[in-house]
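As structure tokens, the structure follows; a few thoughts come after it.
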């Protein structure tokens, strides 16, 4: 589903060039739950931006569903982000004065989905994210951090993407709440065969995935399977990129 071949990213400035990624290569199959782990400045966020079609590599090839995303136009990349990728961020990025349902249905508004259908889909994905139905009409600024992250997960799911990119999704949460959010990702991966890429700097968080790609100084340091876990799913659910 994903194949990176010799991905390099160089940022140019008057002070000189900064190499954020250098010759990064790996593949991710449909149904994988993969963590990309590295310290601050390792290049993991730059890599996430490329995988999420938010940026393009300086050189190398990024295949997404058999297409070379590294050569797509900005408009094509925007379509990929809208249709095939769901994002979950550390800071939630919810509209503070909108209620839960409104926040989750927003991507469907942009997609032109009728109101009744988008509310139905939003409620289903909120339930899939483990969100309490009694809070559907609460404003997002009335929720706890864990509740807000579950709303963000539901919003990422509502367009039925094949790929979910989660950037430090537990960074603003306490340990107990973070564990609940990570278990939600595991459930989505195992029960719905969602392909999930988790960006983190913490080993404990990364070990909730089935495979860890270690990034350091812009390069892949190690690619390991998490002990006792499988790398890919082969159940009856099917999400194709």
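Of the residues making up the stretch 18-47, those that are in contact (Cβ under 8 Å) with a residue 24 or more places away in the chain and in a loop (DSSP other than H, G, I, E, B) are 29, 30, 31, 32, 38, 39, 40, 42, 43. Suppose the filter is in contact with a strand residue (DSSP E or B) (Cβ under 6 Å, 6 or more places away or on another chain), under 26 Å from residue 53 (Cα atoms) and surrounded by 22 or more Cβ atoms within 10 Å (Cβ to Cβ); does residue 126 pass it? Against the criterion (in contact with a strand residue (DSSP E or B) (Cβ under 6 Å, 6 or more places away or on another chain), under 26 Å from residue 53 (Cα atoms) and surrounded by 22 or more Cβ atoms within 10 Å (Cβ to Cβ)), residue 126 does not qualify.
In the condition set (1) touching a helix residue (DSSP H, G or I) at 6+ places or on another chain (Cβ under 9 Å); (2) within 19 Å of residue 203 (Cβ to Cβ); (3) surrounded by fewer than 16 Cβ atoms within 10 Å (Cβ to Cβ), residue 11 is compliant with all but (2). Restricting attention to the stretch 157-206 and to residues that are over 16 Å from the mean Cα position of the chain (by Cα) and not in a helix (DSSP H, G or I), the residue that is surrounded by the most Cβ atoms within 10 Å (Cβ to Cβ) turns out to be 173. Summed over the stretch 207-216, the residues that are closer than 9 Å to residue 38 by Cα and surrounded by fewer than 22 Cβ atoms within 10 Å (Cβ to Cβ) give a count of 2.
Does residue 134 satisfy the criteria of being surrounded by fewer than 23 Cβ atoms within 10 Å (Cβ to Cβ), more than 23 Å from residue 53 (Cβ to Cβ) and without any contact (Cβ under 8 Å) to a residue 24 or more places away in the chain? Yes; evaluated as a whole, the condition is true for this residue. Within the span defined as the stretch 149-156, every residue fails to be surrounded by 18 or more Cβ atoms within 10 Å (Cβ to Cβ), farther than 21 Å from residue 196 by Cβ and under 19 Å from the mean Cα position of the chain (by Cα).
Candidates 80, 50: the one that is free of Cβ contacts under 8 Å to residues at least 60 places away in the same chain, farther than 26 Å from residue 147 by Cβ and touching a helix residue (DSSP H, G or I) at 6+ places or on another chain (Cβ under 7 Å) is 80.
Bear in mind these aren't lab numbers, they're just calculated from the coordinates by the rules spelled out. Everything numeric here is computed off the predicted structure, so don't read it as measured data. Don't worry about glycine lacking a Cβ; one is built from the backbone with ideal geometry, like all the others, and counts go over all protein chains shown.
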